[in-house]
Amino acid sequence: MSSSTTSMLKLEDKDVQFLNSMNVARLATIDNERNAPHVVPIIYAFDNKNSKFYLTTFKGTKKLRNMQQNKSISIVVDEYSKSAKKGIMFRGRAEVINPNTNEFRHAVKLLTDKLAYYKKNPISPDKSEVISIALISNSKWELPPD
């Protein structure tokens, strides 16, 4: 399935820079069987033009099954160090991207350009799914540095 949702959420430039500077986020999906959240770390690429996150997951993972059953997700990108204590939480809708689409090729390029992991481990539609997250809303926080 290709994402047909048009995301209109626009971010400030400093927030886009923050998202592009980070590699790891936390993805929360909903386990419908247990009626419970399932939270995992992910590596991602952010596409500001389309207001979407892109990520991959191996076929058969719990997060993939959860997203197929319930497309509502949350993502948190945050940093806590002596110089920065900030984060952004997003709500969005997950879609598995059809590997025969331009969006799939675009997502793979963004992920490969950003993350060295994918240069060493190319994304294979035989083993993995590429997911788009269309953003619905966000909230952010920032505390003063130490």
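The values are calculated or read from the model by the stated rules, or taken from the named source; none is laboratory data. Since the model is a prediction, treat every value here as computed from it, not as a measurement. Note that we place each Cβ from the backbone using ideal geometry, even for glycine, and neighbour counts take in every protein chain shown. With ligands, DNA and RNA removed, areas are computed over all heavy atoms of the protein, side chains included. Shrake-Rupley method; radii C 1.70, N 1.55, O 1.52, S 1.80 Å.
Determine, yes or no, whether S74 is small (G, A, S) and at pLDDT below 95.
On the way: small (G, A, S): yes; at pLDDT below 95: no.
Criteria not met by S74.
Which condition number in (1) in a strand (DSSP E or B); (2) under 27 Å from L143 (Cα atoms) is the one that V16 fails?
Checking V16 against (1) in a strand (DSSP E or B); (2) under 27 Å from L143 (Cα atoms), the one that fails is (1).
Just to be sure I understand, how many residues within segment 43-63 are free of Cβ contacts under 8 Å to residues at least 24 places away in the same chain and either open to solvent by 60 Å² or more (accessible area, probe 1.4 Å) or aliphatic (A, V, I, L, M) (or both)?
Within segment 43-63, residues that are free of Cβ contacts under 8 Å to residues at least 24 places away in the same chain and either open to solvent by 60 Å² or more (accessible area, probe 1.4 Å) or aliphatic (A, V, I, L, M) (or both) number 1.
Specify the residue that is surrounded by the most Cβ atoms within 10 Å (Cβ to Cβ); the eligible residues are those in segment 96-146 that are touching a strand residue (DSSP E or B) at 6+ places or on another chain (Cβ under 8 Å) and in a loop (DSSP other than H, G, I, E, B).
Here the residue is I97.
Identify, please: which residue in segment 64-95 is open to solvent by 30 Å² or more (accessible area, probe 1.4 Å) and among the aliphatic types (A, V, I, L, M) and is, among those, nearest to the chain's Cα centre (by Cα)?
Out of the qualifying residues, it is V76.
I'm checking my understanding of the structure. Among residues of segment 24-40 that are closer than 21 Å to K86 by Cβ and β-branched (V, I, T), which one is most open to solvent (accessible area, probe 1.4 Å)? Spell out the reasoning first.
Initially, segment 24-40 is screened for residues closer than 21 Å to K86 by Cβ, giving 24-28, 39.
Filter again for β-branched (V, I, T), leaving 24, 39.
Working: V24: 66, V39: 90 Å².
Filtering first and then ranking leaves V39.
Between a residue in segment 114-129 that is within 22 Å of N48 (Cα to Cα) and any residue that is open to solvent by 60 Å² or more (accessible area, probe 1.4 Å) and basic (K, R), which pairs come within a Cβ distance under 9 Å, given they are 6 or more apart or on different chains?
E129/K59
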